[in-house]
1. Check SER88 against each of (1) part of a helix (DSSP H, G or I); (2) surrounded by 12 or more Cβ atoms within 10 Å (Cβ to Cβ); (3) at pLDDT 90 or above and name the one condition it does not meet.
2. Just wondering, is there one or more residues in segment 42-53 that are closer than 30 Å to GLU3 by Cβ, aliphatic (A, V, I, L, M) and either modelled with pLDDT of 85 or more or in contact with a Ser or Thr (Cβ under 9 Å, 6 or more places away or on another chain) (or both)?
3. Under 6 Å between Cβ atoms, at least 6 apart or on separate chains: pull out the pairs that start in segment 78-101 with a residue that is under 17 Å from ALA28 (Cα atoms) and end on any residue that is modelled with pLDDT of 65 or more and not in a loop (DSSP other than H, G, I, E, B).
4. Among the numbered conditions (1) of a type in the set (Asp, Glu); (2) in contact (Cβ under 8 Å) with a residue 40 or more places away in the chain; (3) not in a helix (DSSP H, G or I), tell me where GLU54 comes up short.
5. With the requirement that a residue be surrounded by 14 or more Cβ atoms within 10 Å (Cβ to Cβ) and within 12 Å of ALA85 (Cβ to Cβ), what does segment 15-29 give you?
6. Scan segment 1-17 and report the pairs whose first residue is at pLDDT 80 or above and whose second residue is not in a helix (DSSP H, G or I), with Cβ atoms within less than 7 Å and a gap of 6+ or a chain change.
7. Determine which single condition ILE61 fails, assuming it passes every other condition in (1) under 24 Å from the mean Cα position of the chain (by Cα); (2) at pLDDT 80 or above.
8. Which of the numbered conditions does LEU22 fail, given that it passes all the others? Conditions: (1) farther than 29 Å from SER88 by Cα; (2) of a type outside the set (D, E, K, R); (3) in a helix (DSSP H, G or I).
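The values are calculated or read from the model by the stated rules, or taken from the named source; none is laboratory data. From a predicted model like this one, the values you see are computed outputs, not experimental measurements. With ideal geometry, Cβ positions are generated from the backbone for all residues, glycine too; neighbour counts draw on all protein chains shown.
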Amino acid sequence: MKEQSASATRCLESYVGELDRLSSLTMAAGKDYNDELTFILNHAEVSLDLLGPEHPASDGIVELTHAAMRCAATTRSLLLLTLRARESVRYAKVGADHANPGD
């Protein structure tokens, strides 16, 4: 029975480690994506200021801004979900560590 418990613990630790690596990758990608969206939004704002509302390209820039804002909201949601998942993984790991204090 102890061998089964140790095997289950190793399996859980492997799973937790993989989830932690994936969440780190997801966080890094999400932050990079958010940086790019910030760049797009800032340049769209500057472009609108320089061109003025009467310029033929203004409507397109406004639509671009709205699309970038929707993407930014989605990115924030994904980052939040990843943070929550990461906390769950850490909680599971702590639980596994306490379940087998002699290991």
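1. (3)
2. Pass one, segment 42-53, residues closer than 30 Å to GLU3 by Cβ: none.
No; the residues of segment 42-53 include none that is closer than 30 Å to GLU3 by Cβ, aliphatic (A, V, I, L, M) and either modelled with pLDDT of 85 or more or in contact with a Ser or Thr (Cβ under 9 Å, 6 or more places away or on another chain) (or both).
3. LEU78/GLY30; LEU79/GLY30; THR82/SER23; THR82/THR26; THR82/MET27; ALA85/SER23; ARG86/SER23
4. (2)
5. Just the residues of segment 15-29 that are surrounded by 14 or more Cβ atoms within 10 Å (Cβ to Cβ), to begin with: 15-16, 19-20, 22-23, 26-27, 29.
Of everything in segment 15-29, those that are surrounded by 14 or more Cβ atoms within 10 Å (Cβ to Cβ) and within 12 Å of ALA85 (Cβ to Cβ) turn out to be VAL16, LEU19, ASP20, LEU22, SER23, THR26, MET27.
6. Once the first residue is at pLDDT 80 or above and sits in segment 1-17, no partner that is not in a helix (DSSP H, G or I) comes close enough.
7. (1)
8. (1)
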